[in-house]
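Asker: One structure, as structure tokens, below. Some questions next.
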Amino acid sequence: MKKEWSMIATWRMAGDAVKLGGEILENNGKCQDAVEKAIMQVEDYPFYKSVGYGGLPNEDCEVELDAAFMDGKTLSIGAIAGIKDFKNPVSIARKLSEDRFNIFLVGAGAEAYAHKNGFVRQNMLTERAKKTWEKRKQEIYEKNLSPYDGHDTVCMIAKDKEGDMAVATSTSGLFMKKRGRVGDSPVSGSGFYVDNEIGGAAATGLGEDIMKGCLSYEVVQRMKNGQSPMEAAQDAVTEFSEKLKKLRGTAGAISVIALNNTGEWGIGTNVEFTFAAVSCDKYAAVYRAIPDEN
Ligand code: SD4
């Protein structure tokens, strides 16, 4: 059944934020505002370890953030990567989406743009994140662990009462990543995609593998070809994970959320304990997705 408005986000941490986004949509607000404001709430909360303030540092103990914004009506995109010391990367990405050129900025260039456009400077490294970094550093050394565990991106897709759609993402990326490493989250087609005429999708997990399959665009194309968001997301993740395993012996964690332009939602994953927070026509809930065993 067609939903008046609808919103989906990755992870349990977005549970309260989708309620906020839902209120915006219920009160005739725009999908662009719903995804931005809801992600800002997650970015500002210091205990969500992998997004915004309090995000997980890179191997040099610096917090480098990636974010993106896409408008499904105009296909406008704005993205930033590796930005340091600015609050609310999602808002900087949204601002960039207003431009015709230079819509994806990295590092010092992104910081100069944010400064020029009046965005708030903030040291994004918290004491808590620093302690987590020190502990992991010790564990990597003592137990010979892979450094690259622990990372969750917040992604949100919304459809408003006008039928317009938007998607946004925000993340500190892979914990202990190399300085300058960029994952899928700010990369169009891999970390996110939306088109009013079809729907949207966004990914969380190991960016290095998500980018190999351009999975958000793949899910949107599957919806275009008639699959429901649930089928599109689950089939795309399962088929691509199988392909990676066959070709390379292993597939990283991959989860994709999807929302079509009637407000129907779906989630696909290859890992246990993936959650999606959903808010549609006045109800809100957090769902757990189960990987497809076939
Ligand atoms: C990245 N995809 O930078 C992000 C991290 C993430 O769940 O989503 N983790 O690769």
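The values are calculated or read from the model by the stated rules, or taken from the named source; none is laboratory data. Everything numeric in this text was worked out from a predicted model, so none of it was measured. No Cβ is skipped: glycine too gets one built from the backbone with ideal geometry, and neighbour counts run over all protein chains shown. The area values use the complete protein model at the heavy-atom level, side chains included, leaving out ligands, DNA and RNA. Shrake-Rupley method; radii C 1.70, N 1.55, O 1.52, S 1.80 Å.
Asker: Looking at the stretch 223-294, which GluC sites (Glu not before Pro) are in a loop (DSSP not H, G, I, E or B) and have at most 14 other Cβ atoms within 10 Å? Walk me through the numbers on the way to the answer.
Answerer: Values: sites: Glu231, Glu239, Glu242, Glu264, Glu272, Glu293; in loops: Glu264, Glu272, Glu293.
The qualifying sites are Glu272, Glu293.
Asker: Give me the percent of accessible area attributable to carbon and sulfur for the chain, probe 1.4 angstrom. Kindly include the intermediate steps, with their values, before the conclusion.
Answerer: Working: 6450 of 12940 Å².
Within the chain, the accessible surface is 50 percent carbon and sulfur.
Asker: Compute the length gained on full extension between Glu239 and Asn123: take 0.36 nm times their separation in residues and subtract their Cα-Cα distance, giving the result in nm to one decimal.
Answerer: Details: separation 116, 0.36 × 116 = 41.76 nm, distance 4.09 nm.
Computed gain between Glu239 and Asn123 is 37.7 nm.
Asker: For the chain, rounded, prolate or oblate, judged on the Cα gyration tensor with a ≥ b ≥ c (square roots of eigenvalues), a/c < 1.5 rounded, else prolate if a/b > b/c?
Answerer: Oblate, because a/c is 1.5 or more while a/b does not exceed b/c.
Asker: Tell me the relative contact order for the stretch 132-204 as a rounded percent, counting alpha carbon contacts under 8 Å between residues six or more apart.
Answerer: Details: 107 pairs, mean separation 20.6, N = 73.
Across the stretch 132-204, relative contact order equals 28 percent.
Asker: Suppose only helical runs count, i.e. DSSP H with n ≥ 4. What mean residue ellipticity at 222 nm does that imply for the chain under -39500 (n - 2.57) per run, divided by all residues and rounded to the nearest 500 deg cm²/dmol? Display every interim value, and only then the final one.
Answerer: Values: 8 runs with 98 residues, N = 294.
Here the helix-only value at 222 nm equals -10500 deg cm²/dmol.
Asker: What is the distance, in nm, between label points placed 7 Å from the Cα along the Cα-to-Cβ direction at Glu62 and at Phe101?
Answerer: 2.8 nm
Asker: Here's something else I'd like to know. Using the Karplus curve 6.51 cos²θ - 1.76 cosθ + 1.60 with θ = phi - 60°, what ³J(HN,Hα) values do you get for each residue of the stretch 63-75, in whole Hz, with x for Gly and Pro?
Answerer: 8, 10, 10, 10, 7, 8, 9, 9, 9, x, 7, 10, 6
Asker: Show me, for the stretch 279-285, the HN-Hα J-couplings you get by feeding each phi into the Karplus relation (A = 6.51, B = -1.76, C = 1.60, θ = phi - 60°), rounded to Hz, glycine and proline as x.
Answerer: Working through the residues one at a time gives 9, 9, 6, 6, 10, 9, 7 Hz.
Asker: For the chain, calculate the relative contact order in percent as a whole number, restricting contacts to Cα pairs under 8 Å that are 6 or more residues apart. Walk me through the intermediate numbers first.
Answerer: Values: 814 pairs, mean separation 67.7, N = 294.
Dividing the mean separation by the residue count of the chain yields 23 percent.
Asker: Moving on to the next point. Compute the Cα gyration tensor for the stretch 209-294, then decide on rounded, prolate or oblate, letting a ≥ b ≥ c be the square roots of its eigenvalues: rounded whenever a/c is under 1.5, prolate when a/b is larger than b/c in the other cases, and oblate in all that remain. The partial results should precede the final answer.
Answerer: Details: a/c = 2.51, a/b = 1.52, b/c = 1.65.
Since a/c reaches 1.5 but b/c is at least a/b, the shape of the stretch 209-294 is classed as oblate.
Asker: Suppose all protein chains stay in the model; what accessible area per residue would a 1.4 Å probe give for the stretch 144-290, in Å²? Each step should come with its number before you reach the end.
Answerer: On the way: 5580 Å² over 147 residues.
So the stretch 144-290 comes to 38 Å² accessible per residue, rounded to a whole number.
Asker: Under 5 Å between amide H atoms, partner at least 5 residues away or on a different chain: which partners does Thr274 have, H built in plane at 1.01 Å?
Answerer: It is Ala289, by chain and number.
Asker: Taking H as built 1.01 Å from N, whose amide H comes closer than 5 Å to the amide H of Gly82, not counting residues under 5 places away?
Answerer: Leu65, Asp66, Gly107
Asker: Right, another one. Counting alpha carbon pairs within less than 8 Å and at least 6 residues apart, what relative contact order, in whole percent, applies to the stretch 11-89?
Answerer: Numbers: 98 pairs, mean separation 15.9, N = 79.
Contact order relative to length: 20 percent.
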